[in-house]
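The structure under discussion appears below in the form of structure tokens.
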Amino acid sequence: TLSDVNSVDIVAIGAGQAGLASAYYLQREGADFVVLDRQMAPGGAWQQVWRSVRLVSPPLYTRLPGLAWDLPFHHPPSGPEVSGYFADYEKHYALPIQRPVRVRSVSGDGRLLVRTDSGDWSARTVINATGTWDHPFVPSVPGMASFLGRQLHTASYDTPEEFAGQHVVVVGGGNSAAQILAEVSTAARTTWVTRRPPDLRGGPATEKDLVAVTDQVDERVRAGLPLRSVVSYTGIGRTDAVVAAEARGVMVAHPLFDRITPTGIAWNSGETLAADAILWCTGFRPALSHLAPLHLRGPAGGIVVDDTRVAADPRIFLVGYGPSASLISSHRAARHAVTYALSTA
Ligand code: FAD
């Protein structure tokens, strides 16, 4: 019933980097808001990344607004270190974050109705900061369901030891695939398959590379074009582990297979390969299914976004989407979204 609906001016969805930065600016401006996050604990996507992954950009540049992040400049933070900093941050600013609360849908004319798995909210605007980690992408390949071995996505990968002595097929041509292949190949026999020949570049991606990508992605989302993978802009960064794996001869890619059989993979050429596990390092898509009732997608297939403002619905702001889908750029996007959200009141 209507009386069960909590009313607030702004609902922010998601408490990763983008949601926390938004919450900081909302609080600073004295806004009437709440943050809804489906996780059990602070950290956003970073509480779920695999064991060896490290943040490329230095803490000094990737920290949230306000609170200092006391790590040495050249220390690349791990998942637990990022999550720990986020936890300190939430506490330090006493941010109004409710969890675990999963938003199921956002709909309505006039005021927005935000439906969740634990209570509903009415809001004038929504700042959406749901990231991509909750929407892993796996291509559909004939025979997938028949495979008797283990299939998993990057999102649930943790360490190479789980695959000791096995034959693992690693699928994907991005940075996650290359980094995971490099380490899994130290414990298991591996076969790498990619849709296109992998684009291995010079060094690991730097902060400067990420900034350059931002401008190109911004152009695409202003035009409402569907997003492309980060690797299509940057290529695969050669980390030390990737270079070592190249020297061991494991970074050799085969074309994507055509079918999956109960025991492995098969190409239309007739070639087959037995496998114990298929590791889908095939990326993520923006986690936006809860916004479907608002029909935000335009004719070009993507959502038209002008500096966090959704062209199709002035009540919705996307932070951590497209050009701001990185730690270094979500900060500024959050500040802009909050300014716009409060100035339309
Ligand atoms: P997230 O951290 O994913 O937070 C979103 C939050 O919203 C999560 O808690 C999620 O559970 C929650 N949520 C989702 N859907 C709902 C819902 N319906 N209801 C309620 N809550 C919901 N960027 C850099 O700048 N430098 C790097 O070195 C770098 N390395 C990376 C390495 C990896 C492996 C990955 C995956 C990303 C990396 N990035 C890097 C990109 C950057 O980490 C992400 O863009 C950023 O962390 C995403 O922050 P976010 O707040 O947008 O999303």
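The values are calculated or read from the model by the stated rules, or taken from the named source; none is laboratory data. Quantities reported herein were computed from a predicted structural model and do not represent experimental measurements. Glycine also receives a Cβ, built like all others from the backbone with ideal geometry; neighbour counts cover every protein chain displayed. These accessible areas exclude ligands, DNA and RNA; they are computed on the full protein's heavy atoms, side chains included. Shrake-Rupley method; radii C 1.70, N 1.55, O 1.52, S 1.80 Å.
From the set of residues in the range 191-233 that are of a type in the set (Ser, Thr, Tyr) and over 17 Å from the mean Cα position of the chain (by Cα), which is farthest from Gly165 (Cα to Cα)?
Of the range 191-233, the ones of a type in the set (Ser, Thr, Tyr) are 191, 194, 206, 214, 229, 232-233.
From the residues that got through so far, the ones that are over 17 Å from the mean Cα position of the chain (by Cα) too are 191, 194, 206.
On the way: Thr191: 13, Thr194: 23, Thr206: 34 Å.
Of everything passing the filter in the range 191-233, Thr206 is farthest from Gly165 (Cα to Cα).
Please go through the range 303-345 and pick out each residue that is more than 11 Å from the ligand (Cβ to nearest atom), closer than 11 Å to Ala18 by Cα and in contact with a strand residue (DSSP E or B) (Cβ under 9 Å, 6 or more places away or on another chain).
Ala337 - this is the single residue of the range 303-345 that is more than 11 Å from the ligand (Cβ to nearest atom), closer than 11 Å to Ala18 by Cα and in contact with a strand residue (DSSP E or B) (Cβ under 9 Å, 6 or more places away or on another chain).
Within the range 270-302, can you find the residues that are away from the ligand (no atom under 16 Å from the Cβ), open to solvent by less than 30 Å² (accessible area, probe 1.4 Å) and closer than 21 Å to Pro160 by Cβ?
Selection gives Ala275, Ala277, Ile278.
From the list Arg248, Arg309, Arg259, which one is open to solvent by 50 Å² or more (accessible area, probe 1.4 Å) and within 24 Å of Asp158 (Cα to Cα)?
Working: Arg309 fails: within 24 Å of Asp158 (Cα to Cα); Arg259 fails: within 24 Å of Asp158 (Cα to Cα).
Matching residue, one of Arg248, Arg309, Arg259: Arg248.
With the requirement that a residue be within 27 Å of Ala341 (Cα to Cα) and either crowded, with 20+ Cβ neighbours inside 10 Å or in contact (Cβ under 8 Å) with a residue 12 or more places away in the chain (or both), what does the range 53-69 give you? Walk me through how you get there before you give the answer.
Initial filter on the range 53-69 (within 27 Å of Ala341 (Cα to Cα)): 61-68.
Of everything in the range 53-69, those that are within 27 Å of Ala341 (Cα to Cα) and either crowded, with 20+ Cβ neighbours inside 10 Å or in contact (Cβ under 8 Å) with a residue 12 or more places away in the chain (or both) turn out to be Tyr61, Thr62, Arg63, Leu64, Pro65, Gly66, Leu67.
When Val11 is evaluated against the numbered criteria (1) surrounded by 21 or more Cβ atoms within 10 Å (Cβ to Cβ); (2) at pLDDT 95 or above; (3) within 19 Å of the chain's Cα centre (by Cα), which criterion, by number, is the only one it fails?
(3)
With open to solvent by 30 Å² or more (accessible area, probe 1.4 Å), within 13 Å of the ligand (Cβ to nearest atom) and farther than 21 Å from Arg315 by Cβ as the only criterion, which of Trp133, Trp50 stands out? Full working, then the answer.
Values: Trp50 fails: open to solvent by 30 Å² or more (accessible area, probe 1.4 Å).
After applying the criteria, what remains is Trp133.
In the range 176-222, how many residues are in a helix (DSSP H, G or I), over 30 Å from Asp307 (Cβ atoms) and open to solvent by less than 30 Å² (accessible area, probe 1.4 Å)?
If we filter the range 176-222 for residues that are in a helix (DSSP H, G or I), which is where we start, we get 176-184, 207-222.
Those left that are additionally over 30 Å from Asp307 (Cβ atoms): 177-184.
From what's left, open to solvent by less than 30 Å² (accessible area, probe 1.4 Å): 177-178, 180-182, 184.
Qualifying residue count, the range 176-222: 6.
Given Arg124, Arg99, Arg115, Arg150, which one is open to solvent by 40 Å² or more (accessible area, probe 1.4 Å), away from the ligand (no atom under 16 Å from the Cβ), basic (Lys, Arg) and closer than 17 Å to Val8 by Cβ? Before the answer, list the steps.
Working: Arg99 fails: away from the ligand (no atom under 16 Å from the Cβ); Arg115 fails: away from the ligand (no atom under 16 Å from the Cβ); Arg150 fails: closer than 17 Å to Val8 by Cβ.
Of the residues listed, the single one that is open to solvent by 40 Å² or more (accessible area, probe 1.4 Å), away from the ligand (no atom under 16 Å from the Cβ), basic (Lys, Arg) and closer than 17 Å to Val8 by Cβ is Arg124.
Test Trp267 against the stated conditions and say whether it is without any contact (Cβ under 8 Å) to a residue 24 or more places away in the chain and open to solvent by less than 50 Å² (accessible area, probe 1.4 Å).
Yes, satisfied.
If you go through the range 157-175 one residue at a time, do you hit one that is open to solvent by less than 40 Å² (accessible area, probe 1.4 Å), part of a helix (DSSP H, G or I) and of a type in the set (Ser, Thr, Tyr)? Give the derivation first.
Pass one, the range 157-175, residues open to solvent by less than 40 Å² (accessible area, probe 1.4 Å): 157, 159-160, 163, 167-174.
Pick out the ones that are also part of a helix (DSSP H, G or I) and you get 160, 163.
With of a type in the set (Ser, Thr, Tyr) added as a condition, the list becomes none.
There is no residue in the range 157-175 that is open to solvent by less than 40 Å² (accessible area, probe 1.4 Å), part of a helix (DSSP H, G or I) and of a type in the set (Ser, Thr, Tyr).
Go through Ala21, Ala15, Ala41 for me and flag whichever is touching an Asp or Glu at 6+ places or on another chain (Cβ under 6 Å), among the aliphatic types (A, V, I, L, M) and within 10 Å of the ligand (Cβ to nearest atom).
Numbers: Ala21 fails: touching an Asp or Glu at 6+ places or on another chain (Cβ under 6 Å); Ala41 fails: touching an Asp or Glu at 6+ places or on another chain (Cβ under 6 Å).
So the residue among Ala21, Ala15, Ala41 that is touching an Asp or Glu at 6+ places or on another chain (Cβ under 6 Å), among the aliphatic types (A, V, I, L, M) and within 10 Å of the ligand (Cβ to nearest atom) is Ala15.
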